[in-house]
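Before any comments, here is the structure.
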Amino acid sequence: MNKTNPFLRFLIKNPSSYRILKPLLELFNLREKEPYRIWLRFLIDILIDAFGKKRKAVIWMNSMTPTEIAYAFDAIPIMPEVIASIVSNIGLSGRFLSISEGKLSTDTCSFHRCILGLAMDNLLPRPTVIISSSNICDGANKFYHYLSSFYQCPHLFIDVPYDESESSLKYLIFQLEKIFKDLSEILSIPIDQNRIYKIISNSNHSRSLLEEINKMRQTIPSPFPGSEGLSYLLGMNFWSHGSERAIEFYLALKRFIKMMTNFGKAYKNHERMRILWLHQIRPYYQTEIFKILQRHGAMVSFEEGNYLYWPPLEVKNPIGSIAKKILSNIWQGPLEKRLNAISEMIKDYSINGVIHFSPWGCRQGTGASSIIGDFLKENGIPFLLLPGDSIDPNNYSAGQTRTRLEAFLEIVV
Amino acid sequence: MKWNDFFKDVLEKVKEKRLIPDPKGLIGWSCSYIPLEIIEALNFIPIRVIAQTNGEIGDAYLDPNFCPYIKAIMGDMITNKYDYISGYILTNSCDGMKRLFDLLRFHQKSSFAFLLDVPHKVDNSSILFFKEKLKEMISAFEEKFSIRMDENDLIESIQNANQTRRFIRVLFSLQGRGYPPLRHSEIMEIIKYAFDTERLIFNESIKIFIEYLQKQSQIPIHNDKRILITGSLFVTIDIIRLIEELGAEVAFTDLCMGGRVLEDVNLDRDPLLSISRSYLEKFPCARMLATELRCQRLMQEIERNRIKGVIYYTLKFCDPYLFEAPYIIEQLRKKDIPVLLLEGEYSSRVPEAMRTRIQAFLETID
Amino acid sequence: MEIFAGIDIGSLTSKALLFGEKGILSYSILPTGANPKIAAMRCLESVLMKSNIKEKDILSIVATGYGRIIIPFKAKEMTEISCHAKGASFLIPGARTVIDIGGQDSKIITLDSNSRVLDFVMNDKCAAGTGRFLEVMAKALEVELNEMGRLSLQSRKSISVSSMCTVFAESEVISLIAKGYEVKEILKGLHEAIARRIYNLSKRLRVKDKIVFTGGVAKNEGIKRFLEKFFGKEILVPEEPQIVGALGAALFARDFYYSNLMGGKNENKKSMFDKI
């Protein structure tokens, strides 16, 4: 597969391209929802900073590693997995999956394969340091370590224990304290207590807005579509907590949802079925899935990826509370945590049916599907396992997906 | 298979003679990071969970893109093949194992199941952390079975286990002895017995076997096609036998049941801490975040054993090994060491396609 | 006379069925070939001719099967899951489980006491154990497709074939013959393996009596017997198992027609002779 031509690469990695793109995108998206526009601005500004002359450090992190750590050092967090989902959304993931094909088996996570392709094609902002945490999957650990040897940069690794016991919390706190020290050394930036407090309170502010938003989404009919929850809302949840932009975004989203509920408007009218989407992600390339659902009056009312699992951070105990945030992740540890959350979501969002997306390269998200399926069936809730892939369109079969979805909807509606 | 049968005979004879006090029961274990010494000090016999079926039953509980070994275990568990086991110790070795632990509990396949949290890295803090987790494992046993572990039993257990490991190291060094020469595949067959035989019986048997073997002469084998196999695990030694049939010699295996059970526990004042340290510091499995260290140690073995080619064998869908592969393969290629990457199912037969690949690979090695 | 039509466009065969007041009027089964639209047209033409009925006499049509999406003259689409359930419970009252093995996929459907679909599981990722698989094996073993089942039951011994991938299994079977194994033994091994896969697939559901076997492969006596062995229950095969989907579709066509009469407007029906 041919690498991108050098001129195009120059454009892609040049901050000026994004400065020019920014107002164009604004114009093009004038009629879109406000939170979506803030998301675009957030992304573009990050890329401008990340590709710019290095005033700030660029820290690559995997999903569910708390970005508060990067913001605490005034660094730019880059979430390659979210970038991969955007690349897939604009239909270009196939190219990068081909580039990395010789290196990683096609049975591994397509997010990582796509990122590797982008890295091999030298299109991503170079990391100053990589921070990854072992929740929630094996692949991310090893992959980010490989990337650190690829980019010849330090890799700080957060080994997340399995349970939430005292010994586990202690081990995690010890590691986080060391990471703060190491980061300070690597970036030559002293640990700034004031900035840490600011970041913590920003994070708590956006967290409480998310809590309100999640509560408002319980309204019938659903005021906000799960298809968008699974894209940019999830993206902001992974990328923005701790920043001020996050607060701007969640306020705008709250306003939007309030407006919808005040006018008693559904996102799409005649909502006949409320669906809970399981597995944190969805296919990001173009598919018919949400169109088919809408045609049958089915709405994804909520998605587990945006479940608020962590308690507020503590300004007086920043590292300890970040540790608690990491440990309270429901996809980490014994399955009961996730099952309890799912039961809660089914009640709170008045769910009539559950779709569990099952990407080909993912073990952590799909291994539990039979238990979840059994649990739901015992409680009389229709359940559909939907195989596919989030980034790799080769693992998606339109006909099979449509048949499965329609057969499921024929049962529920 | 002469040596394997001979060892089996020795084992049977020893079993007849020796009387071992009744153990409390059998405990199934899944991962080489589980200190068997602790299980034995609590007076249980550890039995390696090695599934027999080929996983079709497991397909009903796990998706097709899941580790075939774990699916096979699931199939065995659901059909109650392990009903004679008193409990399970699993680790969070990988995502698959964590899900297996959940499935075990949700299908109520055992009254005692414990997940041992093994850290992903090795430093002072993780060694202390692992010690805490071992303590929690011991408490779980003590509570469930109303027993108490005695530190002296633990020390004795460690010493017996070190004996086993020493014998196995000696056995590997005797590869090529005797007529017909003791082959690597036979050694692997013999080691398998260690995983489901009471330790003292195994120790005595292998001692007798080694003494006999050491009296045999060493016929020099000028086999230049020396292969190293690195990977997760396979149920059948057939792959190693196949390589030997095709005229090559397997000199070293870095597998869950081969090279990774060789290192002693260095006993000092705190036996539990000693166990924690020694288990974490041994030749790491790919699930540890230790790619460079693994590579280094592999290179050492390659040099020491004058290896001509490496076979990197992973089970299909095994993320730790699949993600580790790019770096290791790059380093091997840099040193001009031929490497063959194989992805296998968990089956008792070597598929034609794999046989062809191995054969072709061996033909390209001088 | 009220007439309803059901069309089932499968990967290997297309089926059309006309249903009237007295029950099934006629049906046709034709190979789908390369063009599902044309196959659907031909099938409908054929079934109209058989019962001497004009297209305009049909009150409503429902299409199912993988080719349902592109048929222009439908009134509605329903998935093969719902249609097989509907058709099977009509033919065999009390049906609670439907096993359908078609040309390229297999599925198992469970029904509740009202004959509505409760749950389903599909194996459409590969063709192992389907009609296509059996066709390939028949060729490799040089037996007639409709003889395979009977022959498989005649052997006491069975030779297991390790690969379930159609392409690899074919080469394996050829090499077994070269080694001198008997065709009947190999057939037994293959049929057992297919039945076992279905049985294992069914573990994801709660299978209850009565179990109905549909699809082209249901005509294979060997598969039926081995399924009975694994499930430990009787397996019922309707007289013409291939048209169960089309029957279900026609029954849905009838339901939709009546529910429209009672409270909906008439759908805009296109004639199949309109531009396709």
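On the given criteria, is residue A:292 assigned to a helix (DSSP H, G or I) and at pLDDT 95 or above? Against the criterion (assigned to a helix (DSSP H, G or I) and at pLDDT 95 or above), residue A:292 does not qualify. When the range C:91-119 is filtered for residues that are more than 15 Å from the chain's Cα centre (by Cα) and more than 9 Å from chain A (Cβ to nearest Cβ), the ones remaining, listed by number, are C:92, C:93, C:94, C:95, C:96, C:110, C:111, C:112, C:113, C:114, C:115. Residue A:159: at the interface with chain B (Cβ under 10 Å from one of its Cβ atoms) and either touching a residue at least 40 places away in the same chain (Cβ under 8 Å) or closer than 25 Å to residue A:244 by Cβ (or both), yes or no? Considered against the rule, which asks whether it is at the interface with chain B (Cβ under 10 Å from one of its Cβ atoms) and either touching a residue at least 40 places away in the same chain (Cβ under 8 Å) or closer than 25 Å to residue A:244 by Cβ (or both), residue A:159 comes out as no. Tallying residues that are assigned to a helix (DSSP H, G or I) and within 13 Å of chain B (Cβ to nearest Cβ) within the range C:147-172 yields 6. The set of residues in the range B:330-350 being within 21 Å of residue B:71 (Cα to Cα) and either among the charged types (D, E, K, R) or in contact with a strand residue (DSSP E or B) (Cβ under 8 Å, 6 or more places away or on another chain) (or both) consists of B:342, B:343, B:344, B:345, B:346, B:349.
Yes or no: residue A:203 small (Gly, Ala, Ser), outside any helix (DSSP H, G or I) and more than 14 Å from every other protein chain (Cβ to nearest Cβ)? The answer is no for residue A:203. The set of residues in the range B:69-96 that are in contact with an Asp or Glu (Cβ under 8 Å, 6 or more places away or on another chain) and buried (at least 23 other Cβ atoms within 10 Å of the Cβ) comprises B:71, B:75, B:92, B:94, B:95. Would you check which residues across the range B:303-338 are within 13 Å of chain A (Cβ to nearest Cβ) and of a type in the set (A, V, I, L, M, F, W, C) and list them? Answer for the range B:303-338, where residues must be within 13 Å of chain A (Cβ to nearest Cβ) and of a type in the set (A, V, I, L, M, F, W, C): B:315, B:317, B:318, B:322, B:323, B:325, B:328, B:329. Which residue, of C:46, C:26, C:60, is touching a Leu at 6+ places or on another chain (Cβ under 6 Å), assigned by TED's automatic domain parsing to the domain that holds residue C:253 and among the small types (Gly, Ala, Ser)? C:26 is the lone residue from the list that is touching a Leu at 6+ places or on another chain (Cβ under 6 Å), assigned by TED's automatic domain parsing to the domain that holds residue C:253 and among the small types (Gly, Ala, Ser).
To keep it simple, each residue is scored yes or no on (1) over 30 Å from residue B:64 (Cβ atoms); (2) not basic (Lys, Arg).
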{"residue": "B:257", "(1), (2)": "no, yes"}
{"residue": "B:276", "(1), (2)": "yes, yes"}
{"residue": "B:297", "(1), (2)": "yes, no"}
{"residue": "B:303", "(1), (2)": "yes, yes"}
{"residue": "B:337", "(1), (2)": "yes, yes"}
{"residue": "B:342", "(1), (2)": "no, yes"}
{"residue": "B:358", "(1), (2)": "no, yes"}
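Here residue B:236 does not fit the description of being touching a helix residue (DSSP H, G or I) at 6+ places or on another chain (Cβ under 6 Å) and either closer than 28 Å to residue B:52 by Cα or buried (at least 21 other Cβ atoms within 10 Å of the Cβ) (or both).
If you go through the range B:112-153 and keep only what is in contact with a strand residue (DSSP E or B) (Cβ under 7 Å, 6 or more places away or on another chain) and either more than 8 Å from chain A (Cβ to nearest Cβ) or under 17 Å from residue B:29 (Cα atoms) (or both), you end up with B:112, B:113, B:114, B:115, B:116, B:118, B:133, B:137, B:140.
Of all positions in the range A:80-98, none carries a residue that is within 16 Å of the chain's Cα centre (by Cα), surrounded by 24 or more Cβ atoms within 10 Å (Cβ to Cβ), within 14 Å of chain B (Cβ to nearest Cβ) and of a type in the set (Ser, Thr, Tyr). For residue B:294, the conditions (1) within 16 Å of the chain's Cα centre (by Cα); (2) over 18 Å from residue B:238 (Cα atoms) are fulfilled apart from (1). Per the listing C:198, C:177, C:194, the residue uniquely touching a residue at least 12 places away in the same chain (Cβ under 8 Å), surrounded by fewer than 18 Cβ atoms within 10 Å (Cβ to Cβ), assigned to a helix (DSSP H, G or I) and assigned by TED's automatic domain parsing to the domain that holds residue C:229 is C:177.
With respect to the stated conditions, residue A:182 fails to be touching a Gly at 6+ places or on another chain (Cβ under 6 Å) and within 28 Å of residue B:118 (Cα to Cα).
The values are calculated or read from the model by the stated rules, or taken from the named source; none is laboratory data. Quantities reported herein were computed from a predicted structural model and do not represent experimental measurements. Here the Cβ is made from the backbone with ideal geometry for all residues, glycine too, and neighbour counts use every protein chain on show.
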